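Laboratory data are not the source of any read-out in this text; all were calculated from the coordinates shown. Just so it is clear, the model here is predicted, and its values are computed rather than measured. As a convention, Cβ positions derive from the backbone with ideal geometry for all residues, glycine included, and neighbour counts pool all protein chains shown.
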Amino acid sequence: MKLLLHCCCAPCATAVADYFRSLQYDVTGWFFNPNIHPEEERLRRERVLSAGAPQMGLPLLPAGPGMSLADFLLVLSQSGGRRCRACYGLRLTETARQAAKNGFEAFSSTLLISPYQDVSAIAEVGSEAAERFGVQFQCPDLRDKYPESCERSRQLGLYRQNYCGCLFSQLERGERRSNRFVDKLLTRSCSDVDRTPAAR
Ligand code: SF4
């Protein structure tokens, strides 16, 4: 069966492509991630996938286009507060359309390997897209393969990003880092106080 694999990035594509090939699928990858900003980062992830695909033995369709930040924010503003669901919908609906247009019988996504993604929301929007375009959506929970994808991407020397893709996820990561930094400082100053003679 021919399967079009939506690829969010090269590291996640490694183990997911292997998984589907082990089930005898004929897998082709497709990079379509207009959620990624700034644009240089989106292009960087696209380039890393194109460069790494031959080593993975993964044929690719030409990558899909990006989206202006204003247009992407408009999509999110209509999501009723379910930002990630809308973002999955944008990417998986287009993947289903590409799959149908190019004669694939099924599609899936490398998002399914990430422990940071909402698998049930992916399952919902993927199934809706599948029904709309008359192709199958393959939706295994592959999160236990995440360590394998980290190891494979290290072996292949692939760039691994440190935020999901949108500017919100970049800000949230920055916030988590500063919280950890403040916690560390507080822990250190508390133990310094504990060591003062007055505290003994
Ligand atoms: S956190 Fe990731 S999945 Fe959620 S909206 Fe941002 S880019 Fe999309």
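Summary of computed values
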quantity: The chain: angle of helix 167-195 to the longest principal axis, Cα-based, in degrees nearest 10; calculated: 20
quantity: Length added when fully stretched, residue 167-residue 26, from 0.36 nm per residue minus Cα-Cα; calculated: 47.3 nm
quantity: Prolate/oblate/rounded label for the range 2-160 (Cα gyration tensor, a/c 1.5); calculated: rounded
quantity: Segment residue 75-residue 186, length gained on full extension (0.36 nm per residue, minus Cα span); calculated: 35.9 nm
quantity: Net charge contributed by nearby residues that have their C-beta within less than 10 Å of residue 2 (K/R +1, D/E -1); calculated: -2
quantity: Within the range 1-60: Cβ-based charge dipole about Cα centre, in debye rounded to nearest 20 (Lys, Arg +1; Asp, Glu -1); calculated: 80
quantity: Degrees separating the helix 83-101 axis from the principal Cα axis of the chain, which is the longest one; calculated: 20
quantity: Between the range 10-39 and the range 74-118, the alpha-carbon center distance in angstrom; calculated: 13
quantity: All lysines inside 19 Å of residue 2 as judged from Cα atoms, apart from same-chain residues fewer than 8 positions distant; calculated: 101
quantity: Selection from 57, 158, 106 lying farthest towards where the dipole of the chain points positive, charges on Cβ; calculated: 158
quantity: Rounded, prolate or oblate (a/c below 1.5 giving rounded, otherwise prolate when a/b exceeds b/c) for the range 70-181 by Cα gyration tensor; calculated: oblate
quantity: Contact order relative to length of the chain, as percent, for alpha carbon pairs under 8 angstrom and 6 or more apart; calculated: 27
quantity: Dipole magnitude of the chain about its Cα centre (Cβ charges: Lys, Arg +1; Asp, Glu -1), debye to nearest 20; calculated: 520
quantity: Leading residue at positive end of dipole, the range 5-135 (Cβ point charges), from 96, 25, 76; calculated: 76
quantity: Cα long-axis angle, helix 39-56 against the chain (0 to 90 degrees, to the nearest 10); calculated: 60
